[in-house]
Amino acid sequence: MTDKPPAARLAAQSASAAQEQFLTILSREDAMARFDAALFPRDVPHELRPLAAAQGLALARDIVAPIDVPPFDRANVDGFALRARDVADASDSAPLVLVLNGETIACGDEPRILVERGTATPIATGGPVPRGADAVVMIEHTQPASPDTINLRRAASPGQFISYAGSDIARGEVLLRAGTLIGSREIGMLAACGIAEAPVSRRPRVAILSTGDELVQPGARLAPAQIYDTNGAIVAAAVAENGGEPVFRGALPDDEAVLEAAMREALETCDMLILSGGTSKGAGDVSHRIVARLGKPGIIAHGVALKPGKPLCLAVCDGKPVVILPGFPTSAMFTFHDMIVPTLRRMAGLPPRADAKVVARLPVRVPSELGRTEFVMVALVEGENGLLAYPTGKGSGAITSFAQADGFLRIDALADHAPAGAALDVTLFTPHVRVPDLTIIGSHCTGLDLVTGPLARAGLNVRSIAVGSLGGLAAAKRGECDLAPIHLLDEASGVYNAPYLSDGLDLVEGWRRMQGIVHRVGDQRFAGLDAKGAVAAALRDEACLMVNRNQGAGTRILIDRLLAGARPDGYWNQPKSHSAVAAAVAQNRADWGMTIAPVAEAYGLAFLPLTEEHYDLVAPAARRNRPAVQAFLRSLASPESRAALLAAGFRPV
Ligand code: AMP
Ligand code: MG
């Protein structure tokens, strides 16, 4: 099979193994329980490591303190060791004279002379308190009276400025518990007790393999129809974050023989194998067939009621966990964190991860598929009455929804939606989430990044959530954002944006964006024509394919106006962004479309200007005085931002 090109392989496979279905779908809980039962209990291998090499590993057993820390009663200040009762009556009006003993105790000196009544011994911070003394006075509170006496003007209490033996760590107490992750603090505690080597759990070696004919490693060039291998990097990092030692084996084509050889080899040298991609039961998805013959007991679950993540495959092959994560990066992430991390941590000797959670309200209704546990990524926003959780999902293929999100919430398999206003637990991706100083919700524009750049550099945390103009307007009305960028043309008046405002909302003028028709440079069909002429020419030519925009986009309104009811081929191809239009034309999947000038330029396309669109910001009056809003407005008006906007092809107003 290996010598056949991928297309021939796919054809051969689809003839023999037409699309199978997931016949048994397990619930999330069921799948986890079965996976657990097949893997545990098991021994976690450990080893002794010098402290410096133990960092980041889990302690394999409880550590009991072998000595007292400090090992002796120790002076905490520079001064004099004495008997508290001798000086109980000392005061400014009745200073006392003490006779100095004939030794000075520095650090490391063992005292020899008994402190008798009426005497004191000079002692340095860290020195052992001599026999007979029960307090230390600070040198600042004494005056030399003669070469061998001092004056004391205040009383001392017993135990003053002494750290007693074992007061820090007592011999026999449990210093650190098994499962503790060893960091600088723990290393310090071990060192203080004189422990040079720590018993640690050996990190499980986790082989990671990406599968797919289309995958290229970051750093290499993308050929047409290829994508970068995202899962390889994500899974390797997430394995390291959870106590494993990632062993990344690269991306392999969907070739059964090649894959099987790589999987067998990985299992020989590693404790666990994680693949991604090729887990559907379609033609060309071969990994699960290989897993089924790698060892006993084999596949535990293939098809789990998760969304995203249904095609997850869990197997145990001769005692080693083998997992096939779904191909879409966000699906791979969720299933890894939810279903695989608990197993990995147990194998690494770590306790279950303590997830940080906050409660936040949903501003919108979120539909969910009945019968599947659904994960929804959310961005946190400070609303009028507490935290709000904004869904950031763009479908399971999107990676940016991850970058914008602070965490996720889970909708139970038994619910078909979560209602707007519901207060739900949000599991945070990192424990210390910082709610943004400035929240921008609405239509996205690359110009926005130019204006917010200086704010970010000044340490302000800016969050922009792209939900389109109408979504931004609604968020502004509900008081959920500081600014809502919109570009909405009012058909009746021909005026941009202002007609859409309601009470409590102001409009801040942003910038203008030139909308126009794009085509590939040198396409003779459009030679010498302006935007309107180009569209007319395209409509006369049946072979000329357009790319449209989604319903509700400002650009779509302009396109429909130009087409005046015509429906040329490509009309139903309706992507949601300026970039997608340019990519379709640049890659020859369409011949013309409408986008904004900076995007046309970025894609190297010819641009026929049509009309200037007003990209403005809706500002809820109640939030206008927030420092971050003021900082944004100052940046918007600054010569630096205006120059940057101009250079990027926008026209500031
Ligand atoms: P598959 O499960 O192999 O059919 O993959 C589902 C989707 O995820 C396809 O669009 C793949 O191109 C994509 N995909 C699979 N593996 C990766 C990967 N390692 N990195 C990024 N995308 C991937
Ligand atoms: Mg694939």
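The values are calculated or read from the model by the stated rules, or taken from the named source; none is laboratory data. Bear in mind the structure is a predicted one, so any value in this text is a computation, not a measurement. Cβ atoms come from the backbone with ideal geometry, glycine included; neighbour counts cover every protein chain shown.
Consider A225 carefully, then state whether it is within 19 Å of the chain's Cα centre (by Cα) and not polar (S, T, N, Q).
So A225 fails the test.
Kindly indicate whether T279 is farther than 25 Å from R42 by Cα and in contact with a His (Cβ under 7 Å, 6 or more places away or on another chain).
Spelling it out, T279 is indeed farther than 25 Å from R42 by Cα and in contact with a His (Cβ under 7 Å, 6 or more places away or on another chain).
Which of the residues spanning region 81-96 are surrounded by 12 or more Cβ atoms within 10 Å (Cβ to Cβ) and either touching a Leu at 6+ places or on another chain (Cβ under 8 Å) or acidic (D, E) (or both)?
Within region 81-96, L82, D86, V87, A90, P95, L96 qualify.
With the condition kept exactly as written, say whether any residue in region 272-285 is among the basic types (K, R) and either within 22 Å of T343 (Cβ to Cβ) or assigned to a helix (DSSP H, G or I) (or both).
So far as region 272-285 goes, no, none of its residues is among the basic types (K, R) and either within 22 Å of T343 (Cβ to Cβ) or assigned to a helix (DSSP H, G or I) (or both).
Condition first: over 30 Å from N497 (Cα atoms) and either in contact with an Asp or Glu (Cβ under 7 Å, 6 or more places away or on another chain) or of a type in the set (K, R) (or both). Now tell me which residues in region 427-449 satisfy that.
Within region 427-449, T427, L428, F429, V433, R434 qualify.
Which of the residues that make up region 307-329 are more than 14 Å from ligand 1 (Cβ to nearest atom) and not β-branched (V, I, T)?
Those that are more than 14 Å from ligand 1 (Cβ to nearest atom) and not β-branched (V, I, T): K307, L314, A315, C317, D318, G319, K320, P321.
Table: residues versus (1) within 30 Å of the chain's Cα centre (by Cα); (2) under 16 Å from L312 (Cα atoms).
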| residue | (1), (2) |
| --- | --- |
| E245 | yes, no |
| D255 | no, no |
| D271 | yes, no |
| G278 | yes, yes |
| G282 | no, yes |
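Any residue in region 601-618 that is over 26 Å from H519 (Cβ atoms) and either outside any strand (DSSP E or B) or of a type in the set (A, V, I, L, M, F, W, C) (or both)?
Within region 601-618 (the criterion being over 26 Å from H519 (Cβ atoms) and either outside any strand (DSSP E or B) or of a type in the set (A, V, I, L, M, F, W, C) (or both)), the answer is yes, since at least one residue qualifies.
Can you tell me which residue is surrounded by the most Cβ atoms within 10 Å (Cβ to Cβ) among those in region 616-635 that are at pLDDT 95 or above and out of contact with any Asp or Glu (no Cβ under 9 Å at 6 or more places or on another chain)?
Filtering region 616-635 for residues that are at pLDDT 95 or above and out of contact with any Asp or Glu (no Cβ under 9 Å at 6 or more places or on another chain), the one surrounded by the most Cβ atoms within 10 Å (Cβ to Cβ) comes out as S635.
Could you check, for region 523-534, whether at least one of its residues is at pLDDT 95 or above and of a type in the set (S, T, N, Q)?
Within region 523-534 (the criterion being at pLDDT 95 or above and of a type in the set (S, T, N, Q)), the answer is yes, since at least one residue qualifies.
Consider region 626-639. How many of its residues are in a helix (DSSP H, G or I), touching a residue at least 12 places away in the same chain (Cβ under 8 Å) and more than 13 Å from D449 (Cα to Cα)?
Summing the residues that are in a helix (DSSP H, G or I), touching a residue at least 12 places away in the same chain (Cβ under 8 Å) and more than 13 Å from D449 (Cα to Cα) in region 626-639 gives 5.
If you check every pair at least six apart or on different chains, which have Cβ atoms under 6 Å apart with a residue in region 242-259 that is over 30 Å from G56 (Cβ atoms) and among the basic types (K, R) first and a residue that is within 11 Å of ligand 1 (Cβ to nearest atom) and part of a helix (DSSP H, G or I) second?
none
Determine, yes or no, whether G277 is more than 16 Å from ligand 2 (Cβ to nearest atom) and on the phi > 0 side of the Ramachandran plot.
It is false that G277 is more than 16 Å from ligand 2 (Cβ to nearest atom) and on the phi > 0 side of the Ramachandran plot.
Taking interchain pairs and intrachain pairs at least six residues apart, which have beta carbon atoms under 7 angstrom, with the first residue in region 393-417 and outside the structural domain of F336 (by TED's automatic domain parsing) and within 16 Å of ligand 1 (Cβ to nearest atom) and the second modelled with pLDDT of 65 or more and in a loop (DSSP other than H, G, I, E, B)?
S396/P308; S396/F328; G397/F328; I399/T230; S401/T392
Could you pull out the residue among A238, A266 that is under 23 Å from F408 (Cβ atoms) and away from ligand 2 (no atom under 15 Å from the Cβ)?
A238
Any idea which residue in region 118-169 is farthest from L100 (Cα to Cα), counting only those that are assigned to a loop (DSSP other than H, G, I, E, B) and among the acidic types (D, E)?
Result: D168.
Test G127 against the criterion of being modelled with pLDDT of 95 or more and farther than 17 Å from I162 by Cα, and give yes or no.
In short, no.
Of everything in region 197-216 that's buried (at least 18 other Cβ atoms within 10 Å of the Cβ) and more than 30 Å from E47 (Cβ to Cβ), which residue is farthest from ligand 1 (Cβ to nearest atom)?
Ranking the candidates gives D213 first.
Here's the yes/no breakdown for (1) under 27 Å from C481 (Cα atoms); (2) buried (at least 17 other Cβ atoms within 10 Å of the Cβ):
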{"position": "A348", "(1), (2)": "no, yes"}
{"position": "P351", "(1), (2)": "no, no"}
{"position": "A354", "(1), (2)": "no, no"}
{"position": "P367", "(1), (2)": "yes, no"}
{"position": "F375", "(1), (2)": "yes, yes"}
{"position": "V378", "(1), (2)": "yes, yes"}
{"position": "E384", "(1), (2)": "yes, no"}
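Pairs please, first residue from region 272-284 and over 19 Å from A261 (Cβ atoms) and among the small types (G, A, S), second anywhere and part of a loop (DSSP other than H, G, I, E, B) and within 8 Å of ligand 2 (Cβ to nearest atom), Cβ atoms under 9 Å, 6+ apart in sequence or on different chains.
From residues that are over 19 Å from A261 (Cβ atoms) and among the small types (G, A, S), the pairs are S280/G327.
From the list G219, G194, G250, G232, exactly one residue is part of a loop (DSSP other than H, G, I, E, B), at pLDDT 95 or above and within 16 Å of ligand 1 (Cβ to nearest atom). Which is it?
Every option except G219 fails the conditions.
Taking region 535-586, which residues are charged (D, E, K, R) and more than 17 Å from H519 (Cβ to Cβ)?
Matches in region 535-586: R556, D560, R561, R567, K576.
Please tell me if G528 is assigned to a loop (DSSP other than H, G, I, E, B) and over 20 Å from G468 (Cβ atoms).
yes
I need the full set of residues from region 477-497 which are crowded, with 18+ Cβ neighbours inside 10 Å and within 27 Å of the chain's Cα centre (by Cα), in order please.
Hits for region 477-497 are E480, C481, D482, L483, A484, P485.
R177 fails exactly one of the following numbered conditions: (1) more than 16 Å from ligand 2 (Cβ to nearest atom); (2) buried (at least 17 other Cβ atoms within 10 Å of the Cβ); (3) over 30 Å from V136 (Cβ atoms). What is the number of that condition?
(2)
If we keep just the residues of region 272-285 that are surrounded by 24 or more Cβ atoms within 10 Å (Cβ to Cβ) and within 14 Å of ligand 1 (Cβ to nearest atom), which is nearest to K310 (Cα to Cα)?
Among residues in region 272-285 that are surrounded by 24 or more Cβ atoms within 10 Å (Cβ to Cβ) and within 14 Å of ligand 1 (Cβ to nearest atom), the one nearest to K310 (Cα to Cα) is T279.
Tell me, which residue of region 327-364 that is touching a strand residue (DSSP E or B) at 6+ places or on another chain (Cβ under 6 Å) and of a type in the set (D, E, K, R) is modelled with the highest pLDDT?
Only one residue fits best here, namely R361.
Within region 381-440, restricting attention to residues that are acidic (D, E) and modelled with pLDDT of 80 or more, which residue is farthest from the chain's Cα centre (by Cα)?
Filtering region 381-440 for residues that are acidic (D, E) and modelled with pLDDT of 80 or more, the one farthest from the chain's Cα centre (by Cα) comes out as D416.
Can you name the residue in region 289-333 that is assigned to a strand (DSSP E or B), in contact (Cβ under 8 Å) with a residue 40 or more places away in the chain and within 16 Å of ligand 2 (Cβ to nearest atom) and, of all such residues, is farthest from A238 (Cα to Cα)?
By that ranking, first place goes to H302.
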